[in-house]
Structures are given as structure tokens and as C-alpha cells.
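Okay, structure first, notes after.
The values are calculated or read from the model by the stated rules, or taken from the named source; none is laboratory data. Bear in mind the structure is a predicted one, so any value in this text is a computation, not a measurement. Because the Cβ atoms are built from the backbone with ideal geometry, glycine has one as well, and the counts that use them run over all protein chains shown.
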């Protein structure tokens, strides 16, 4: 390439990166304005809360000026009622502020390596002094700020001694897909919080579960933590992927040592049992051992599902992208299956079967991966051959995905009730929700039917407690119009009650499109083809292809989770108890999702200077 041609190409590339960055800023600003406009009805609820409604409190400031003047820590001296009221009143401010502040820190995470993590930890710790998430003491915020400051100092010292190289930020291969990840994340998490906070402020609160009125408060704290996780994962994405590759290499070396298989098996069983024990109910105790569990099934289920997703991602990367012998392929598949069985063992100990249902559907949908691989290899063929291969690939994808979903549904509806009493009860509830033992599904259908007649009630006007309770003619109870499990188990019904069936369907379509954007954002770009490793079938940075699979498999699992959650709400399947990603109430699920969102949000060319040890021999 001639010098003038190379120079013009670099100028055009740099100009394109600037356009993508400007577009990302404009989209984020648009999303923030939209969220501020949508949150206005919640501000009215927050103002009325001090007049005897859900969060009655006298110490809540009426304005931000009074807040800054009278409260050195803003949220720090408030109780849960006051914090919940304050969140409602200021939702049109803090939701956009999180999005804009996170965007600024995200650009820092993309432009630097050493000091980005320190800056994120320092900034979020300073914000935690005001926010006080999860009731953390002020000492935790001080420790976080000290850690962030130490990382900044260490990074500045290492930068002084390092040779002066050209900044990698000038050579970013940011694509349009990278620019869509952050605005989509802000929009989806914001929409999810808005309707959940509305339910918490106005929905029914049973005597045995009064904490439901703090769903909005707890979910806001989860969003605060998830934003920090996204930024930290983006700043350390290369280190995370390299760490996984080194972990697999270490485990492989341990396998070939004397008594290595026995040691690995023992450690794996103990690890799976420990995670299962974390999620097991405190009462009754585990059989035989008589040991009470940790009572946190959501955390253990998400961690076990994350481990299973990493195992499938590694297998897809190692045996889908690298040349491998048949014997090595079967050994790798056997190891992956063994990890899956260990995760199933841990979920069995925990007693949480929701992740098992999701993973089974995701694996059946994953059978379409070979057809997708065929569709990505047709660019070098002739036009006629390309059309034929594309048609065959699309047909294979449709047949495999639809066939897998139908097989999964048939197993739940026709086969499982013959062997499981619980499955039989759920199938009976699906066929006739209004005669089931539990009224939850019937209440969800009541809400959707009522919202269908008016096209959605809107924030602040959904009759969660039923029409009579809504006008004061009856007492708001658990069985009067909405179930306590609505945000976690029937999120689609909550979205439909707020914005109508069309609005809820639009949110689901936006979620599916955003998940597709994550996969495209994580794939290596054409500018990162210099680091091609021997044995790799695809040209490009092997570390980048591993990251692509680490994002693609969780995205596929999230799509399966959407189908399970929405299908259970609409009585298409007999399943309930599965939250809706980003749009439903799930603090642990949101924080785990933030990990692979952070992996997808950073341009792959930032890793060009990283020289990984290619794990093609594992």
C-alpha cells in the first residue's frame, strides 16, 4: 500500500470512529431524555408519599436544593421508606445521570488499561457515599475509594517507566454495534426499573412479605452495582478472557499429573456442592447430612449457570474455531458434559430447577450453531453457490431452532407430568389458571386483560390491587388483583399492564435486537486480522474469538430465558418462577448479566497490543 493511500485510509478510519462515538453520545442523550420523560409520573407518586401513602415520611426534602442544603450525604441518613420516596421523586434525574456518567467512564475504560479500573472504582465509591447501596457502611465506600486511588497511583508509575507507544485509542476498530450496546443497556434497565418501582409504590403488600414494597429500592441498588460491573468488565475484558484461558490450561496440566483426575473430580464436586448449599433452603435441612443451607437460590443458580455458560463457550471456541483431532474433540465434549452434570448436581442440591429449564432450551437452540457457522463461510464462494449455501443455512437454522423449542415444550407439557407431581400441577394451572391452587397466573391474566381494554394504564395508574381496591371500596390484599411475584415471575404482565400488550411486545423485540447487537459487537472486526495463530480456522485475534463465544452463549441463554418467562406468563408453557432479563426484578441476574455486557462493549482492536498465550494445545 502506498504511503498516501495508507494515510487516507487511516484518516477515513479515524473519522468513522469519531462518527460512531458521536452517534453513541447522541443515542445515550436521547435515551436519557426519554427515561426522564417516562419517570415523571413516579415523581408525583413520590410527592404524594409524604401525605400518608406507601412511603409516608416527614424527613424527605421537597427539592434538590433543599436536599443539598440539609443533607451532607443525601441518602445516607434516610431509612428505607425515605430512600424509596426519594428515588421516586428524583427518578427523572438519577436515571439519566447514571447513563451519562457511565458513558464518560466507559470512554475512559476503552481508552486506557492501567488507570481505567482505578478511576471507575474511585468514581463509583464516591457516588456510593451519596447513594449508600444495600445499606453499606461508610467504611466500605472509603475502602473502595482507597483501592481506586492506589490503582491510579500504580498505573501512573508504571506508565512513566513504560516506553511511549502510540495510543491504542487512535486505532480503535469501534463498529456501529459497539455504539449501540451502552444506550440499549441504559434504556432496558431504566424501563425495567420504572415499572418495578411503580409496582413497589402501589402494588399489594402481603403481611408475610412486607419487603415487596422495597422492590424498587433494591432494584435501584442492583442497577448501581451492575453499572460498576459493566465498566470494570469493559476495562479488564482482555484480562478476564486471558484469565479463563489460563485457568483451562492450568486444569489441563493438573489432569495429566499423578492422581490429577481424582483431585479435579473431588474439587469439582466440592465446588458444585458448596454453590448448591448456598442456594438450599435454610429449612428443611439437607437430607442425611442435616446441614442447613444458605437460603440464596437466586445467587447460587446464577453462579452455576455462569459456570455452565463458560464451559459451553470454551468448548464452542476450542472445537469450533481451532483445528482438532477427533479424539481430542470427543474428550473436550466429554469434559464439557461433565461440567454440565456437576452444575446440574449443584442445582439439585439447591432445589432451584429454573436454570435447568433455561439451559436445556438454550442447548437445544444451540444445535443451530453449525448452520450459523456455515452462513459465515460463504463469502468466498461464487454468487450462485453463495445463494444456495445461504438458503440452506437459513433453512437449517429455522428447522433446528423451531424443532428444539417444540421438543422442549412437548417434554414439559406431555412427558414431565407423567413423572413429576409438580409438573402435573403446573400443567393443570396452565390449562385453567382460574381454578389452580395458586392465584398468581390468574391475577397476571386479569391484569393483561384489563390493560388490553385501555391500551395500557401507564405508570402510576395500574390497578394492581383490583378495581375495587383501586377506588377505595375494598382492602388491598395479596389476592385482590396482583401477585407479589409479579416483578420476578410475571414481568411481561407488568409491562403489559403499564404500556399495553403492544408496548410489552415492543420491549421484548427491543431486548432480542439488543442481544443480537451484543453478539455482533463482541465479534472481532476486520482490522484485527494481524494476530492470526497457527491452527485457528478464522483469521483474527484468537483472544477476540474466545470473547465472542463468551458473549454469544450467554446471549443465547438470555433469549431462552425470555422465551421461558414470556411463555409461562402467556400460558404457552407451564412454567413460572423465571425472571425476564433486564426488564424484570432480579438483582443477582442483573449483576451477572453485567459481566458479559462489559465484555461486549469494548472494541476488540484495543487488545492488539496484548500477546496472549494461544491455548490451542488444550
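General observations
- Given (1) part of a helix (DSSP H, G or I); (2) in contact (Cβ under 8 Å) with a residue 12 or more places away in the chain, index of the condition residue 428 fails: (2)
- Hey, residue 577 touching a helix residue (DSSP H, G or I) at 6+ places or on another chain (Cβ under 8 Å), at pLDDT below 85 and either closer than 30 Å to residue 405 by Cα or not in a loop (DSSP other than H, G, I, E, B) (or both) or not: yes
- Number of positions in the stretch 256-273 that are surrounded by 14 or more Cβ atoms within 10 Å (Cβ to Cβ) and closer than 18 Å to residue 341 by Cα: 5
Yes/no matrix, rows are residues, columns are (1) part of a helix (DSSP H, G or I); (2) at pLDDT 75 or above; (3) surrounded by fewer than 18 Cβ atoms within 10 Å (Cβ to Cβ):
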{"residue": "283", "(1), (2), (3)": "no, no, yes"}
{"residue": "290", "(1), (2), (3)": "no, no, yes"}
{"residue": "293", "(1), (2), (3)": "no, no, no"}
{"residue": "305", "(1), (2), (3)": "yes, yes, no"}
{"residue": "308", "(1), (2), (3)": "yes, yes, no"}
{"residue": "336", "(1), (2), (3)": "yes, yes, no"}
{"residue": "370", "(1), (2), (3)": "yes, no, yes"}
{"residue": "373", "(1), (2), (3)": "yes, no, yes"}
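- When residue 473 is tested against (1) out of contact with any helix residue (DSSP H, G or I) (no Cβ under 7 Å at 6 or more places or on another chain); (2) buried (at least 22 other Cβ atoms within 10 Å of the Cβ), just one condition goes unmet, and that condition is (2).
- Only one of 438, 483, 420 that is buried (at least 21 other Cβ atoms within 10 Å of the Cβ) and under 28 Å from residue 581 (Cβ atoms): 483
- Within the stretch 423-435, being surrounded by fewer than 14 Cβ atoms within 10 Å (Cβ to Cβ) and closer than 29 Å to residue 556 by Cα holds for one residue alone: 431.
- Residue in the stretch 394-415 that is nearest to residue 560 (Cα to Cα), counting only those that are touching a residue at least 40 places away in the same chain (Cβ under 8 Å) and within 25 Å of the chain's Cα centre (by Cα): 405
- Checked against (1) under 26 Å from the mean Cα position of the chain (by Cα); (2) more than 21 Å from residue 179 (Cβ to Cβ), residue 103 meets all criteria but (2).
- The stretch 559-574, residues that are closer than 18 Å to residue 304 by Cα and part of a loop (DSSP other than H, G, I, E, B): none
- Annotation: of all residues in the stretch 339-354 being over 21 Å from residue 577 (Cβ atoms) and in contact (Cβ under 8 Å) with a residue 24 or more places away in the chain, the one that is surrounded by the fewest Cβ atoms within 10 Å (Cβ to Cβ) is 340.
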